[in-house]
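Data block below; observations after.
Read-outs: derived from the displayed coordinates by stated rules, not from any lab. Only a predicted model underlies this, so the values are computations on that prediction, with no experimental measurement involved. Backbone-built Cβ (ideal geometry, glycine too); neighbour counts: all protein chains shown.
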Amino acid sequence: MPTGRTEIAVNGPLKPAEAAAVLELVGRAAAQDGVMPLSEHVMLQLRYDSEPRARNVLLWHDGALAGYGHLDITDPAGGAEAEMVIDPPLRKRGLGLALGRALSDEAGSAGLQLWAHGDLPAAARLATAAGLHRSRALWQMRRSLQEPVGEPQLADGITVRTFRVSQDENAWVALNHRAFSQHPEQGAWTRTDLEMREREPWFDPAGFFLAERDGAIVGFHWTKIHSGTSDSDGASDQRREPIGEVYVVGVDPSAQGTGLGRALTIIGLHYLRDRGLAQVMLYVDETNTAAIRLYESLGFTHWSTDVMFAPEAPGAVATG
């Protein structure tokens, strides 16, 4: 158990000073671990207070912010997804278990599902101690942009243009819903989720490609560039060099099986290479073997893994 005075506060939206303190803690953890402890989704919520249903759990130890947990209960039937981080100098004091217990209590009957970015051994030990098991994995894959990329092959009747801000939002959101109707996170995006990203410094419509057929959008490839002076979510990390990302590729069900996803991916790779980038990355579910085969055929290889841990039965988390 933790030694010293430990307090936990569960809040809705954070006050600006609290959010700033959390972002500083995240930056220290990213510098120590070499991986961001929180996803882009959570970082955006911290900066924009975009999800009023989310719960922010602050752990204070001897008067200082020692840990942060984020809990989304947007789909009680599917479980409550959480992410957490402990300040590096205060680790190995039982604070992680205390924060995990608080997140589990807040999740209640929805059942806690805890993401661990980078699949670090310490996170796996904490999950085991909390009675959680590996339930899902997200791969990061990478490839060099200095190797040949190939040329896109578009089916007859398909044209490609770039995204038009303030014009394409509704059509893109509708297509994203269709393309990712079975995806637990991506398919739930709203126009607000899109507009938050349009406000980010990395957003560039010149790297957001839309495929059209008969005037309707049937596919897209949204690229992203991580600048290198900071990571994609705002925490300082001078060790990184700029890298491109296949941020999202989606194809309307009516256009699947035509090679459109592959062609759009290649178009985006050309764009990123032309921007002078040496490498590109992407994320894909470990179980999405069809997508992994596609990316492997385009030269991508497995780089790292994010892991979701969950209890054996919903709500049955032992954090003693």
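Would you grab the residues whose amide H sits under 5 Å from the one on residue 247? Only those 5+ places off in sequence or on another chain, please, with H modelled 1.01 Å from N.
Long-range HN contacts for residue 247: 222, 223, 224.
Please compute the modelled spin-label separation between residue 91 and residue 270, points set 7 Å along Cα→Cβ, answer in nm with one decimal.
4.4
In what sequence do 72, 156, 62, 49 fall when counting other Cβ within 10 Å, fewest first?
The order, fewest Cβ neighbours first, is 156, 62, 49, 72.
What ranking do 257-268, 158-169 get when scored by the average of other Cβ atoms within 10 Å per residue, highest first? Provide the component values of the computation, followed by the final result.
On the way: 257-268: 20.4, 158-169: 13.9.
Ranking the peptides 257-268, 158-169 by packing returns 257-268, 158-169.
What ³J(HN,Hα) values, in whole Hz, does the Karplus curve 6.51 cos²θ - 1.76 cosθ + 1.60 give for region 92-103 when θ = phi - 60°, with x put for Gly and Pro?
Ordered by residue, 3J(HN,Hα) equals 6, 10, x, 6, x, 5, 5, 5, x, 5, 5, 5 Hz.
With a cut-off of 8 Å between alpha carbons and a minimum separation of six or more residues, what is the relative contact order of region 235-312 in percent? Please report the intermediate quantities before stating the final value.
Details: 36 pairs, mean separation 25.6, N = 78.
Contact order relative to length: 33 percent.
Magnitude of the Cβ-charge dipole of region 12-96, K/R +1 and D/E -1, about the Cα centre, nearest 20 debye? Display every interim value, and only then the final one.
Details: 8 positive and 12 negative charges, 58 e Å.
Value, rounded to 20: 280 debye.
Using only alpha carbon pairs under 8 Å that are at least six residues apart, calculate the relative contact order of region 147-277 and give it in whole percent. Spell out each step's value before the answer.
Working: 210 pairs, mean separation 37.4, N = 131.
In percent, rounded to a whole number, it is 29.
Using Cα-Cα distances under 8 Å and only pairs 6 or more residues apart, what relative contact order does region 1-131 have, in percent?
Values: 208 pairs, mean separation 34.6, N = 131.
Once divided by the residue count of region 1-131, the mean separation gives 26 percent.
Given 115, 90, 127, which one lies farthest toward the positive end of the charge dipole of region 90-129, if we put +1 on the Cβ of every Lys and Arg and -1 on the Cβ of every Asp and Glu?
It is 90, whose Cα lies furthest towards the positive end.
Explain nothing, just compute: Karplus ³J(HN,Hα) = 6.51 cos²θ - 1.76 cosθ + 1.60, θ = phi - 60°, for every residue of region 13-29 in order, whole Hz, x for Gly and Pro.
Coupling constants for region 13-29: x, 7, 5, x, 5, 5, 4, 5, 5, 5, 5, 5, 4, 4, x, 5, 5 Hz.
Just to be sure I understand the model, the point goes 7 Å from the Cα along the line to the Cβ. What's the resulting residue 181 to residue 32 distance in nm?
4.6
Of the listed values (1) 53, 50, 31; (2) 90, 42, 31; (3) 67, 40, 35, grab the one calculated as Cα extents along the principal axes in Å from the structure here.
Computing Cα extents along the principal axes in Å and matching it to (1) 53, 50, 31; (2) 90, 42, 31; (3) 67, 40, 35 gives (3).
How big is the dipole moment of the chain about its Cα centre under a simple scheme where the beta carbon of each Lys and Arg is +1, that of each Asp and Glu is -1, and everything else is neutral? Debye, nearest 20, please. Don't skip to the answer; put the middle values down first.
Details: 29 positive and 41 negative charges, 107 e Å.
Once rounded to the nearest 20, the dipole reads 520 debye.
Let me know the shape class of region 147-277, please: from the alpha-carbon gyration tensor, a ≥ b ≥ c as square roots of the eigenvalues, rounded when a/c is under 1.5, otherwise prolate if a/b is greater than b/c, or oblate. Walk me through the intermediate numbers first.
Numbers: a/c = 1.96, a/b = 1.30, b/c = 1.50.
Cα axes put region 147-277 in the oblate bin.
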